[in-house]
Amino acid sequence: MSYDLIFLLEEPSIKSVLEILLPKILPENFSYKLIPHEGKQDLARSIPTKIKAFQFSPSTKFVIVHDQDSHNCKSLKEELLKICRKSGKEDVLIRIICHELESWFLGDLAAIEKAYNLRPRGLSQKQNQQKFRDPDKLNSAKHELKKLVGEYYAGTHSKKIAPYLSLTNNKSHSFQVFINGMKKLV
């Protein structure tokens, strides 16, 4: 089967979020497949195989979504692009989440508030505090999120928060770069 877009994702929780966000961004007639991996090494090993598997469909575009974690963003992006080029695909959109998926959630505290059924404006009024104005700068957004809500499991809670994420009012720069990248692709 052929697709317009193939998403190669570092982890399953990114898939959970994109399953909810992409229908809001991509045209209805756009076909895509989300392929999660079990971490960085699994994704890096998988890229050549997946690119070769879809060589029969040269119009299929690839998008790689990867957490930055402790890597240098530009080096990581270049490293992934190098793997793609070696595999025969030059035009791959690579989006790095700074530093981890939870930064996207902290960029929209109102979404967390709704997902956890918290008191309205209780958490979201903190959005203009320094650390939440630019959550991509936090080294451990996951830890920060746990401090705010008490309990957070990426696999479960990412599905719970994603439906409430605003596509336009998210303070995470890497979230906005991802959204804009998707809009340019279509």
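The values are calculated or read from the model by the stated rules, or taken from the named source; none is laboratory data. Nothing here was measured: the structure is a model prediction, and the numbers come from that model. Because the Cβ atoms are built from the backbone with ideal geometry, glycine has one as well, and the counts that use them run over all protein chains shown.
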> For region 141-170, how many residues are in contact with a Lys or Arg (Cβ under 9 Å, 6 or more places away or on another chain), surrounded by fewer than 20 Cβ atoms within 10 Å (Cβ to Cβ) and not in a helix (DSSP H, G or I)?
Replying inline: 1
> Restricting attention to region 34-41, does a residue exist that is touching a Leu at 6+ places or on another chain (Cβ under 7 Å) and farther than 23 Å from residue 86 by Cβ?
Replying inline: yes
>> For residue 63, only one of the following conditions fails: (1) at pLDDT 95 or above; (2) of a type outside the set (Gly, Ala, Ser); (3) more than 23 Å from residue 183 (Cα to Cα). What is its number?
In response: (3)
> If you go through region 126-147, how many residues are within 18 Å of residue 166 (Cβ to Cβ) and touching a residue at least 12 places away in the same chain (Cβ under 8 Å)?
Replying inline: 9
> From 136, 108, which residue is within 22 Å of residue 9 (Cβ to Cβ), crowded, with 22+ Cβ neighbours inside 10 Å and touching a helix residue (DSSP H, G or I) at 6+ places or on another chain (Cβ under 7 Å)?
Replying inline: 136
